[in-house]
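Notes for the one structure printed next.
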Amino acid sequence: MDLNDIQSELKSRVAKGLNFGIEALEEVLVPSSDLYNEYILLKSKYNDLMYVSSLNTLPYEQIEIGLNRLRSHVLAIIDKLDTDGLKQQEVGSELKIKALPTRRANFFKLLDIHFHNLEAIRFIEADGETENIISGREAVFNIYWMNRHKFSRREDIQGQAGLGILKGHFLELFSSESGMLEVYFKNIKHLLAYSLDSEVERQFFLDTVKSLFSRFELALIFYYALCGIDTEFEGLVKKARLMEGMDAEELIVKEHLKYLL
């Protein structure tokens, strides 16, 4: 490979995933070169960012800003490569799959957070003077079914006019709740964004995310995305094709499913 081919291949690795670009760059750099010191600084920042992201203390938007800066830094190092700074004249033909565990570990930590948030959802069922506290998936079922039941006999919820009525109802619901649903949906947003950001692992991550939800959870997610409370969430749901294969009969108006496909 000449220098241009090496640079082109390294950039293609970055396109497949920042972790792959970083690993491939290490393969070709001479440890004694000035660029190698720059590379070590970059890799240290990358590892620190991956650790912080695993703690779920930063919103995904902030993590993405950090990742974009690191991508730009990697590309800048690649552009500055010269033949004297290379320890080999080719890039390994196979991706270094050892770079995947960090990303998978972070993904599964997000899954743990999802189930924690799901169990934190509560629904209080009152029966006379007694109260029954329901949690988890059963709580989601009751929350959704209670809201669906409110429209069971209404004839004004069809078509565009009905779409506006339902959007307004769920926007008010999600805007005024205590926050237990808010953190649940925020982590789903993080999961979708994280899954879509990984070219190599994307399908595995997305298939896993899609397997998480009961049909009633998916219906509640549908109305959260539809109501306009978070347009980025709506965009991620569409991009991930989360509603493909959903049973439209679970929606209040089944014809509205098309708006999130």
Students often get this wrong, so check it: of Lys150/Lys238; Lys16/Lys167; Lys87/Lys239; Lys150/Lys258; Lys45/Lys258, which have C-alpha atoms separated by over 32 Å? Lys16/Lys167; Lys87/Lys239; Lys45/Lys258
The range 107-203, Kirkwood Rh and Cα Rg, ratio Rg/Rh at 1.07
Please work out which option in (1) 35; (2) 46; (3) 71 gives percent of Cα pairs over 28 Å apart calculated from these coordinates, and answer with its label. (2)
Arranged by the count of other C-beta atoms within 10 angstrom, fewest first, what order do Ile22, Ile157 take? Ile157, Ile22
Extending each Cα 7 Å along its Cβ direction at Leu3 and Glu155, get the distance between those two points in nm, one decimal. 7.8
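Treating only the Cβ atoms of Lys and Arg (+1) and Asp and Glu (-1) as charged, compute the dipole magnitude of the range 103-261 about its Cα centre; round to the nearest 20 debye. List each step's numbers first, then the result.
Numbers: 20 positive and 25 negative charges, 109 e Å.
Roughly 520 debye for the range 103-261.
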Candidates Ser32, Ser72, Ser195, ranked by Gaussian network fluctuation over the chain, Cα under 10 Å, top entry: Ser32
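We did not get these values from a lab; they are worked out from the coordinates using the rules stated. Bear in mind that the values here come from a model prediction, so they are computed numbers and not experimental data. Cβ sites come from the backbone with ideal geometry, for glycine too, and all protein chains shown count toward neighbours.
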